[in-house]
Each structure stands twice: as C-alpha cells, then as structure tokens.
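A short write-up of the structure that comes next.
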Amino acid sequence: MRIKRKRWVGILLIGTFLGLTGCGSAAHPQKPPQQAPPPAPKVHYEQVAPIFAQRCMMCHGPNGIEAQAPLTSYEEVLRFVSPGDAESWLVLKTQPGGSMNERLTAQEAALIRQWVTDGALR
Ligand code: HEC
C-alpha cells in the first residue's frame, strides 16, 4: 500500500516537471520580441539648432567673421555635414591650436555627434 502510493507520487512529479519545462520553453518564451526595449529616439535638427545659435552664430551668423559660412538654417548646416559621418566633421574634431568644438560642452558635442550619426535629420 505505502510503496504503491510513493510510485504514484513519483509519476505525478515527473509528469508535472515535463509539463512545466515544455510549457516554459514553447508557450512562454523568456524574451518575446514585442517586449524588447524600443530603440532610442533619433536626434533631430530642432534639438541641435539652439546649440548652433548659442555657440556658433557670433561668427557664423550674418554679422560674424564667417558670415560666408552661415549656420542659421538646416539647409546651410547641411552644406558642411556628411549625414552619418560625424568623425569627418571638422567641428567635432579636436585640432592642435584649438578648434570650434572647444566652445561646446561635452553634452552639446555629444548631441551634435549623435545628430550627425543618426543621419543629420531635419
Ligand atoms: C570665433 C568664431 C567662430 C566660432 C564661434 C565658430 N566658428 Fe566655425 N569657423 C570660423 C572660421 C574663422 C572658419 C574658417 C576657418 C576654418 O575653417 O577654421 C570656420 C569654419 C567653419 C566650418 C567650415 C566651413 C567651410 O567653409 O568648410 C564649419 C562647418 C564651422 N565653422 C562650424 C562651426 C560650428 C558648428 C560652430 C559652433 C559649434 C562654429 N563653427 C563656431 C569661426 C568660428
């Protein structure tokens, strides 16, 4: 009587175990694709335009020493930027003897870099 009961319990346990593992791997996968974190939003021109206005316009505005290279609109800035290629942009490079990026804080430079990397979106 006692032995029989133990055997049943064993079979029940194995059955439960198989059921749980089967269920866990197939019906409830651990990372369903729809629960993946959404990609970070891309940086747009409106986020970097205030930085250009604040840091660059004294020279690259209509009255600046670089008025022939104005940076007052998206179209004008895009004349100097290769979308996706932040590393080739003079402004983001550190050059001996100082460069334009030393007027930027680390966060501002990082945001502009990300904007160009994201494709210099409008
Ligand atoms: C103190 C004045 C001054 C400030 C501020 C300044 N620039 Fe310039 N910039 C210049 C001068 C002068 C040149 C041309 C000489 C050179 O290429 O270094 C130039 C050149 C450039 C060029 C290349 C233009 C070309 O003909 O290829 C770009 C792009 C540029 N600057 C962007 C910026 C950005 C973006 C900022 C703000 C983060 C900025 N500049 C801040 C003076 C300035």
ask   = Short version: ³J(HN,Hα) in whole Hz for each residue of the stretch 80-87, in order, from phi by Karplus 6.51 cos²θ - 1.76 cosθ + 1.60 (θ = phi - 60°), x for Gly and Pro, what are they?
value = 10, 10, 9, x, x, 10, 5, 5
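Compare the peptides 36-42, 109-115, 60-66, 77-83 by average per-residue count of other Cβ atoms within 10 angstrom and give them in order, highest first. Can you show the working numbers first?
Values: 36-42: 7.4, 109-115: 18.4, 60-66: 12.9, 77-83: 14.4.
Going from most to least packed, we get 109-115, 77-83, 60-66, 36-42.
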ask   = Relative to the present Cα-Cα distance, how much length would full extension add between Ala49 and Asp85 at 0.36 nm per residue of separation?
value = 11.1 nm
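Coordinate-derived values only; no laboratory data. Computed from a prediction, not measured in an experiment: that's the story for all the values here. When we count neighbours, we look across all protein chains shown, and the Cβ atoms used for this are built from the backbone with ideal geometry, even at glycine.
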